[in-house]
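In what follows, a single structure is set out as structure tokens and then discussed.
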Amino acid sequence: MDYAVQSTDQGLNISLTGRMTLIDHDKFRAVVDSIERLNGGICIFDLRGLEFIDSSGLGMFLIARDVAQPKGVDIQLLGAQDAVRRILQIAKFHTLFKIAP
Amino acid sequence: MVRTLADRLGCAIGSDEGAAIVLLHPASDTGVSRAVAAGARLLMDVPVLEEVQALLGGAEPEPGSLRLSLASGSAFRINVAMSLCSGLVERGWLHPGRQVDVELCLHEAVVNAVTHGNLELQRCADGDSGFADRLDSVYYQLTLMPFAARRVVIDVGRRADGGLTIDIQDQGKGFDPTAPTGGTTYSGRGMTIMRELAERVSHRDGGRRLCLEFRP
């Protein structure tokens with residue numbers, strides 16, 4: 001997995017690309033660090049370039065959510081493609097995150 | 001020994017595309033996908049005599065099957081699911097429209113076989129440190145015996161209706177598949193995903209063998 005973090009007027013735009021699995025935890029730790037520095041606002045995960053996510057990857061989004069909530073940061077998952085979108089649905093992530101096409 | 005046995009029985013062995021028995025030196029994504037696409041029946045990262053004997057002795061379940069046998073380290077290091085499924089599509093055993101589902105299930109199964117099975121790691125604790133600890137534990141256990149020597153064996157078979165059966169076997173202590181999964185907030189969704197995407201999911205051999213079936 002590769003990632004790019006961009007500050008926006010509202011908060012952060014984090015673009016994830018490639019495959020997101022257990023071995024990417026260290027990289028995702030840096031992503032979570034950037035969320036921890038926010039105070040309110042919106043953090044958008046741009047998933048248009050994410051090709052694959054496994055159950056560990058899902059868990060990492062939940063970590064981000066638990067870090068963001070006390071900070072008043074709203075996490076949104078944007079643009080998941082077919083394979084990733086399907087897994088988000090199976091995991092019922094629509095009940096936990098705002099998911100947009 | 002493996003080569004001698006294979007030669008005696010007239011079975012091609014090598015690292016070349018088209019060989020029935022392929023030694024992967026070292027195991028790699030492209031090595032697996034190319035060998036599977038080319039029709040290999042047995043792929044190993046190190047020669048395992050018992051595997052060859054089983055294959056040549058007709059112990060495999062069906063003629064239209066293949067076996068991938070990897071040490072835990074290889075199975076964790078390379079993208080087994082992606083490369084195997086890619087090869088199966090090219091070989092004509094897997095419809096491209098089913099590739100994503102099969103790949104995800106196989107990926108979850110292999111990660112479970114390595115971490116929970118061969119390396120005997122429990123589910124990671126909740127919280128960010130849980131994932132970090134899990135990764136550290138995996139890499140540490142992979143340096144220790146007997147964990148490092150244990151293998152993950154994947155058997156792929158074609159059903160009469162064009163579907164696939166995929167068995168993933170580890171060499172760990174096994175577990176009680178009927179017991180509660182003990183999933184945490186952050187982990188434990190692998191079986192849920194597999195049950196959703198596969199046609200059938202079952203366990204054998206005391207939890208050491210996970211059997212997945214996929215419709216065409």
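Taken together, the values in this text are just the output of simple stated rules run on the coordinates, not laboratory data. Just so it is clear, the model here is predicted, and its values are computed rather than measured. All Cβ positions, glycine included, derive from the backbone under ideal geometry; neighbour counts span all protein chains shown.
Taking the fewest neighbouring Cβ atoms within 10 Å as the starting point, the ordered list for A:Asp2, B:Asp170 is A:Asp2, B:Asp170.
Close amide H contacts of A:Val73 (hydrogens built in the peptide plane, cut-off under 5 Å, sequence separation of 5 or more or a different chain): A:Gly40.
DSSP finds beta bridges in segment A:2-100, and of those with both partners inside it, around 25 percent are antiparallel. For B:Leu70, B:Leu142, the sequence from fewest to most other C-beta atoms within 10 Å is B:Leu142, B:Leu70. The phi-based Karplus calculation (6.51 cos²θ - 1.76 cosθ + 1.60; θ = phi - 60°) puts the 3J(HN,Hα) values of segment B:195-208 at 5, 6, 9, 8, 6, 8, 10, 9, 10, 9, 6, x, x, 7 Hz, whole numbers, x for Gly and Pro. Among B:107-117, B:83-93, the peptide with the highest mean count of other Cβ atoms within 10 Å heads the list, and the full ranking is B:107-117, B:83-93. Taken residue by residue and averaged, Cβ atoms of other chains lying within 10 Å of the Cβ of B:96-104 number 2.
Average 1/r across all pairs of distinct alpha carbons in segment A:2-100, invert it, and you get the Kirkwood radius: 13.2 Å. Rounded to the nearest 0.05, the FRET efficiency derived from the C-beta distance between A:Ala100 and A:Gln6 at R0 = 22 Å is 0.80.
Each residue in B:Tyr139, A:Tyr3 was given a count of other beta-carbon atoms within 10 angstrom of its own, and listing them fewest first yields B:Tyr139, A:Tyr3. Remark: mean inter-chain Cβ contacts per residue of B:111-117 equal 1, using a 10 Å Cβ-Cβ cutoff to other protein chain atoms.
At full extension, B:Met145 and B:Thr192 could sit 13.8 nm farther apart than now, given 0.36 nm per residue minus the alpha carbon distance.
Mean per-residue shielding of peptide A:57-67 is 4, counting Cβ atoms of other chains within 10 Å of each Cβ. Here is the list for segment A:1-72: trypsin sites (Lys or Arg not before Pro) lying in DSSP coil, each with at most 11 other C-beta atoms within 10 angstrom of its C-beta, are A:Arg37. Around the amide H of A:Lys98, modelled in the peptide plane, lie the amide H atoms of A:Leu77, all under 5 Å away and 5 or more residues distant in sequence or on another chain.
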